[in-house]
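Q: The structure is given below, and queries will be raised subsequently.
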Amino acid sequence: MEKSIYNKQYRILIGIIRQERESRQITQEQLASMLSVQQAIISKIETCERRLDLIELRQICTALGISLIDIINKFEERITK
């Protein structure tokens, strides 16, 4: 089994997160500040250099004002097309 950061579905999930961030006109730096992390962490997540776990995903969703369930539903819609 390949590592999830190299998996097409993982890249789709990260793409959704990035789109949600950008649609709210939130920069990586602003999101990092909301999460009390360095901007480089957000960059590495969005470029799939750093793996995102479920707890971190939920924290990002909360910071962006979107529910984890909504992200999962968007993810499911995209991977089943």
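Q: Taking Leu57 as the residue in question, decide whether it is under 9 Å from the mean Cα position of the chain (by Cα) and at pLDDT below 95. Spell out the reasoning first.
A: Working: under 9 Å from the mean Cα position of the chain (by Cα): yes; at pLDDT below 95: no.
In short, no.
Q: Hey, another quick one. Among the residues of the range 49-81, write down those that are farther than 13 Å from Ile16 by Cβ, hydrophobic (A, V, I, L, M, F, W, C) and touching a residue at least 24 places away in the same chain (Cβ under 8 Å).
A: Ala63
Q: Test Glu20 against the criterion of being exposed (fewer than 15 other Cβ atoms within 10 Å of the Cβ), modelled with pLDDT of 95 or more, assigned to a helix (DSSP H, G or I) and in contact with a helix residue (DSSP H, G or I) (Cβ under 6 Å, 6 or more places away or on another chain), and give yes or no. Steps first, answer last, please.
A: Details: exposed (fewer than 15 other Cβ atoms within 10 Å of the Cβ): no; modelled with pLDDT of 95 or more: yes; assigned to a helix (DSSP H, G or I): yes; in contact with a helix residue (DSSP H, G or I) (Cβ under 6 Å, 6 or more places away or on another chain): yes.
No, not satisfied.
Q: Looking only at the range 1-14, count every residue that is free of Cβ contacts under 8 Å to residues at least 60 places away in the same chain and either part of a helix (DSSP H, G or I) or under 16 Å from Ile71 (Cα atoms) (or both) and tell me the total.
A: First, pick out the residues of the range 1-14 that are free of Cβ contacts under 8 Å to residues at least 60 places away in the same chain: 1-8, 10-11, 14.
Retained after the next criterion (residues that are either part of a helix (DSSP H, G or I) or under 16 Å from Ile71 (Cα atoms) (or both)): 4-6, 8, 10-11, 14.
Selection size over the range 1-14: 7.
Q: Taking the range 31-81 as the search range and keeping residues that are part of a helix (DSSP H, G or I) and among the small types (Gly, Ala, Ser), which one is least open to solvent (accessible area, probe 1.4 Å)? Steps first, answer last, please.
A: The first filter runs over the range 31-81 and keeps only residues part of a helix (DSSP H, G or I), leaving 31-35, 39-46, 54-64, 68-79.
Keeping just the survivors that are among the small types (Gly, Ala, Ser) gives 32-33, 40, 43, 63.
Details: Ala32: 2, Ser33: 86, Ala40: 45, Ser43: 37, Ala63: 30 Å².
Selected residue: Ala32.
The values are calculated or read from the model by the stated rules, or taken from the named source; none is laboratory data. Just so it is clear, the structure is predicted and the values come from calculations on it, not from any experiment. Positions of Cβ are backbone-derived with ideal geometry, glycine not excepted, and every protein chain shown enters the neighbour counts. With ligands, DNA and RNA removed, areas are computed over all heavy atoms of the protein, side chains included. Shrake-Rupley method; radii C 1.70, N 1.55, O 1.52, S 1.80 Å.
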